[in-house]
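Only one structure is covered here, and it is reproduced in the block below.
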Amino acid sequence: MKQIYLDNNATTPVHPEVLEAMLPFYRDQFGNPSSVHWAGRAVSGAVEKAREQVAALINCSPAEVVFTSCGSEGDNMALKGTVDALRDKGNHIITTKVEHPAVLETCKYLERTGCEVTYLSVDQDGMLDLAELEAAITERTILISVMWGNNETGNIFPIEEIGQIARKYKIRFHTDAVQAVGKVPVDVKKAGVDMLVLSGHKIGAPKGVGAIYIKRGTRMTPLLHGGHQERNRRAGTHNVAGIVALGKACEIAGRDLEKNAAHMRRLRDKLEAGIKAAIPQIKLNGHPDPDKRLPNTLNVSFAYIEGESLLLNLDMYGIAASSGSACTSGSLEPSHVLGAMCVEVTLAHSSTRFSLGPQNTEEEIDFVLDVLPKTVQRLREMSPLYNCRNEEQCETCETIRRL
Ligand SMILES: *Cc1c(COP(=O)(O)O)cnc(C)c1O
């Protein structure tokens, strides 16, 4: 059976060039980059080259790049490290209701340790109101944390404008750019961010490596204490192969950005148009303007059916997609992102996310567009709601009728 992978916001396949680049570091290049002898020197050069590759992609100095084990670690480090270092300045954080759990759960933890957190709302399209952000700033605000691109809807947030607000009030600004990197241009200088987090496995490197940009001179308490690696910002012997892979993935992401973004955008738009043309009673979740979404992401609610059952049925055709985010699937809670957008609960339950990668092909999208309408129709016919005989009084029917 064909396998069609449309869940690239959950993780991506390792790019063949990336695998090639990292393999020597699982074989003869085994040294510890902190060692001064030949074995260490050979490897420390590779780590520093990777640092330059990451820096080049996001337009910073290599000295401002700290390697981590994943995006979640970077987000934890940015938030906890800032709160600890700026205790004397204040304890108030501004973030949004639609962040990844790596930010949201860290904020909840920080609230239990005495921080105050403002969670900004979003509108029905999932966008922020910057006046609300500015109004939330107080004397005690030490950090603004807003993601660059949303993993569930693909919505892109106005990072440059938020950066301007942060600078106006001299507040530190962190952005989780895990989904944005490799899909849209990411420039830390232009964006005016102080900290930016990225993750290897979302951009064609393997799982278990990431990086955080920390602007020079930014006071931050490390998450991991120990050795003097990473200019004392993060202890622990380097994951050399992973770091080399991340460097290579960043090089490729920069080199192929325009080509990949245009390719994913064309296929995503084709999928979106095909779904809209063939399947009635659907709701697009996220900004209706495709330019305001990452070029690879499409989130749709198919009224009357459960996202989970659609996924299982698509899986039988070899199609891998997602309902909600991978981290929350397995729980029956509807997505917190769709909840914040006031998507009606049954529609939130029927949401499905298709997230493309550079490796997807036109034939794959054609196949999905062949299978999906039939599958949706078959599931709808099995749904008690679809056959609801009480339409006049039924609230869910009323909601769906308005689609
Ligand atoms: C995947 C993801 C993370 C977490 O990255 P890991 O490397 O899996 O820990 C954080 N934020 C966003 C937006 C993500 O999509």
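The values are calculated or read from the model by the stated rules, or taken from the named source; none is laboratory data. What you see is a predicted model; the values in this text were computed from it and never measured. Cβ: placed from backbone, ideal geometry, glycine included. Neighbour counts: every protein chain shown. These area figures cover heavy atoms from the full protein model, side chains too; ligands, DNA and RNA do not enter into them. Shrake-Rupley method; radii C 1.70, N 1.55, O 1.52, S 1.80 Å.
Summary of values
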read-out	value
Most fluctuating residue given options 386, 213, 304, as computed from a GNM of the chain linking Cα atoms under 10 Å	386
Euclidean distance between Cα centres, the range 1-37 to the range 374-399, Å	46 Å
The chain: C-alpha gyration tensor shape, a/c 1.5 cut-off, then a/b vs b/c	oblate
Per residue, in Å², the accessible surface of the chain once ligands and nucleic acids are set aside, probe 1.4 Å	44 Å²
Rh by Kirkwood over Cα pairs, then Stokes-Einstein D for the range 16-253 at 0.692 mPa s and 37 °C, µm²/s	181 µm²/s
Dipole magnitude of the range 16-253, debye to nearest 20 (Cβ charges: Lys/Arg +1, Asp/Glu -1, about Cα centre)	840 debye
Rounded to the nearest 10 Å², the accessible area of residue 201 at probe 1.4 Å	40 Å²
The range 13-145, accessible surface, carbon-and-sulfur percent (1.4 angstrom probe)	53 percent
Exceeding the 22 Å Cα-Cα cut-off - candidates 202/374; 89/168; 183/248; 97/207; 190/270	202/374; 97/207; 190/270
Projected-area average for the range 188-291 over all orientations - Cα convex hull basis, square nanometres	9.6 nm²
Cα centre as origin, Lys/Arg/Asp/Glu Cβ charges: the chain dipole, Debye	1180 debye
Per-pair calculated FRET efficiency, R0 = 51 Å: residue 38 and residue 132 via Cβ, rounded to 0.05	0.35
Among 200, 357, 208: highest mean-square fluctuation, GNM of the chain, C-alpha pairs under 10 Å	208
Estimated inter-spin distance, residue 17 and residue 269, nm [label 7 Å along Cα→Cβ]	2.5 nm
11 Å beta-carbon shell around residue 268, net charge (K/R +1, D/E -1)	+3
Förster radius 22 Å - calculated FRET efficiency between residue 216 and residue 84 (Cβ-Cβ, nearest 0.05)	0.70
Counted charge near residue 158, where neighbours are those whose Cβ lies closer than 12 Å (Asp, Glu -1; Lys, Arg +1)	-2
